[in-house]
Amino acid sequence: MRKITHLIDAQSVESTSGNVGPVYNPATGEQTGEVDLASVEEVDLAVESSKKAFQEWGNVSIAKRVKLLHNFRNLVNENEIEIASRLTEEHGKVSDDAKGEVARGIENIEFACGFADSLKGTYSEHASTGVDVYTVRQPLGVCAGITPFNFPAMVPLWMIPNAVACGNTFVLKPSERDPSAPRFIIELIQEAGFPPGVVNLVNGDKTAVDRLLEHPDVSAVSFVGSTPIAKYVYSTGTSNGKRVQALGGAKNHMLVLPDADLDLAADAAVSAAYGSAGERCMAISVVVAIGDIADPLVDAIKLRMEKLVIGPGDDPDSEMGPLITREHRDKVAGYIEAGENEGANLVVDGREQIFDNSGFFIGVSLLDHVKTDMSVYKDEIFGPVLSVVRVENYNQAVEMISSNPYGNGAAIFTRDGGTARQFQQDADAGMVGINVPIPVPVGYHSFGGWNDSLFGDTTMYGPEGLNFYSRPKVITSRWPDPTTSQVDLGFPQNN
Ligand code: NAD
């Protein structure tokens, strides 16, 4: 069985607390590993190491930092298959999704490689007679990242490249459910030449998170996970004086107008609802069918669902893998039952699909005629369950999105440019797709939702990430007029 330890000061550190957590291969249901869960003392060790490393790292030249980031980018690229296979082994996602995750992570390293330009600062010459004013951006110190199970490689890469580019050091606390890929990535950071302590990793649960949130030497916390924990992390971290960005859960709507390209919309609904088994914060979980497109759309989605191949992530034929744990699979099954009991029409029941192994599999489900007071609509299910809500017009659809507490992503499918443009204005969400179901921004924009999908005022990665991980310092300078110098420097006035 694989033993997953902490990485502190570039050394593998075993926990002495005796607390461990199980790691499973979700495709077989077998326990494949045991992850150390950090005690308060182990978290302190990591923070102390990062604090010490910051004294030098904060002063390392831009040229050197960029060089190391390039080394790191190349190593992640070279090890794409190894990272992807660890993702599949512990998360369960299919190989293409796993490789896609690594590729999206690399985008963030590449963005950080250009930080020298983004963080140049500003300069106002002659703000007053003989006075110049300029702003530089400086690092915060030790930053911490707490990440979810569903993108164990990509989400740490939303944080770490920008944080270290800005001159901070970093302590990562990845999800304890699939810790091998993030650990391997931190090993690659060491291999790239980053000094020990610049990036440390502690595995753990609430104990580790709580210690990071209260530790006096942690300046900033980046969190990605479910809404209740995001709220908790935000309020606890900020009340301890830290800068916090906390991204939460989601319930993403996809509007389909009567003039939409039916095939495009149905393909998009299926890939966005069931890709990665629906365990994506940008997954589409509600299709809002406007007017008379509802019947043909439901038929087209159903047709495509029947063809989906569900199986182990390492089987090249699989298009969807298992869920993360048995408990989560059972919870998702409970929602399907609740939806049916609450009056939705269960068009496809994923519970009926039989799998010939003991992995955490469930088939894909489609519920039609869902109402907004049903639990399948209100709750984030985080599984392969798609609800269809039927409405009469655009305004009702937009109102539905606004009334929903989450606000991560929203998409519209239409051929009408004017309506699409209006939607981009009206949608109460941080990321909007126009004929694009999962509008995850490229690495040189930033990622984050609104409302209960984000606590804090900075979204993640891209330019907002650089802002989060740096703080402005404004210098106002005045120099004596050199023409009045006692020493003859050759100015005409001196003669
Ligand atoms: P989670 O909230 O259970 O866990 C996230 C992190 O918080 C993990 O590292 C975990 O160890 C820690 N944690 C869990 N319970 C805690 C507690 N009581 N106190 C302190 N720390 C705790 O989330 P998850 O199940 O790992 O991930 C899925 C969730 O993440 C979904 O809700 C999904 O929408 C969300 N998510 C959001 C985004 C986004 O960008 N908005 C991206 C990915 C995932």
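The values are calculated or read from the model by the stated rules, or taken from the named source; none is laboratory data. What you are looking at is a predicted structure, and each value in this text was computed from that prediction instead of being measured. With ideal geometry, Cβ positions are generated from the backbone for all residues, glycine too; neighbour counts draw on all protein chains shown.
Among the candidates Asp356, Asp259, Asp314, single out the residue that is assigned to a loop (DSSP other than H, G, I, E, B) and within 27 Å of the chain's Cα centre (by Cα). Result of the check over Asp356, Asp259, Asp314: Asp314. Of the residues making up the stretch 184-200, those that are farther than 22 Å from Glu89 by Cβ and buried (at least 24 other Cβ atoms within 10 Å of the Cβ) are Phe194, Gly197, Val198, Val199, Asn200.
Here the stretch 445-489 is the region considered, the condition is being away from the ligand (no atom under 16 Å from the Cβ) and among the hydroxyl-bearing types (Ser, Thr, Tyr), and the residue that is surrounded by the most Cβ atoms within 10 Å (Cβ to Cβ) is Tyr469. None of Ala181, Ala112 is in contact with a Pro (Cβ under 6 Å, 6 or more places away or on another chain), surrounded by 22 or more Cβ atoms within 10 Å (Cβ to Cβ) and more than 19 Å from Tyr461 (Cα to Cα) except Ala181.
The set of residues in the stretch 431-444 being within 14 Å of the ligand (Cβ to nearest atom) and free of Cβ contacts under 8 Å to residues at least 60 places away in the same chain consists of Pro441 alone.
Of the strands (runs of 3 or more DSSP E) lying entirely inside the stretch 1-72, the ones with 2 or more residues being within 19 Å of Val142 (Cα to Cα) are found at 6-8. Counting only residues that are of a type in the set (Val, Ile, Thr), within 16 Å of the ligand (Cβ to nearest atom) and either touching a strand residue (DSSP E or B) at 6+ places or on another chain (Cβ under 8 Å) or assigned to a loop (DSSP other than H, G, I, E, B) (or both), the stretch 190-238 holds 9 of them. So which residues in the stretch 332-348 are in contact (Cβ under 8 Å) with a residue 24 or more places away in the chain, at negative phi and loosely packed, with under 15 Cβ neighbours inside 10 Å, if there are any at all? Hit for the stretch 332-348 is Asn345, nothing else. Any residue that is acidic (Asp, Glu) and farther than 22 Å from Cys143 by Cβ - is there at least one of those in the stretch 104-117? No, there is no match, as no residue in the stretch 104-117 is acidic (Asp, Glu) and farther than 22 Å from Cys143 by Cβ. Filtering Asn150, Asn168 for residues that are buried (at least 24 other Cβ atoms within 10 Å of the Cβ), more than 19 Å from Gly204 (Cβ to Cβ) and touching a residue at least 40 places away in the same chain (Cβ under 8 Å) leaves a single hit, Asn168. Only one entry in Gly383, Gly343, Gly417 is of a type in the set (Gly, Ala, Ser), out of contact with any Lys or Arg (no Cβ under 9 Å at 6 or more places or on another chain) and outside the structural domain of Thr28 (by TED's automatic domain parsing), namely Gly417. Residues considered: Ala283, Ala277, Ala294. Of these, the only one that is more than 16 Å from the ligand (Cβ to nearest atom), small (Gly, Ala, Ser), outside the structural domain of Val221 (by TED's automatic domain parsing) and in contact (Cβ under 8 Å) with a residue 24 or more places away in the chain is Ala294.
Here Val102 qualifies as within 18 Å of Met320 (Cα to Cα), in contact (Cβ under 8 Å) with a residue 12 or more places away in the chain and out of contact with any Phe, Trp or Tyr (no Cβ under 8 Å at 6 or more places or on another chain).
The stretch 74-183 holds strands (runs of 3 or more DSSP E) entirely within its bounds, and those carrying 1 or more residues that are within 13 Å of the ligand (Cβ to nearest atom) and at pLDDT 95 or above map to 142-146, 169-173. The residue of the stretch 263-311 that is farthest from the chain's Cα centre (by Cα), among those that are β-branched (Val, Ile, Thr), farther than 17 Å from Leu367 by Cβ and surrounded by 15 or more Cβ atoms within 10 Å (Cβ to Cβ), is Ile293.
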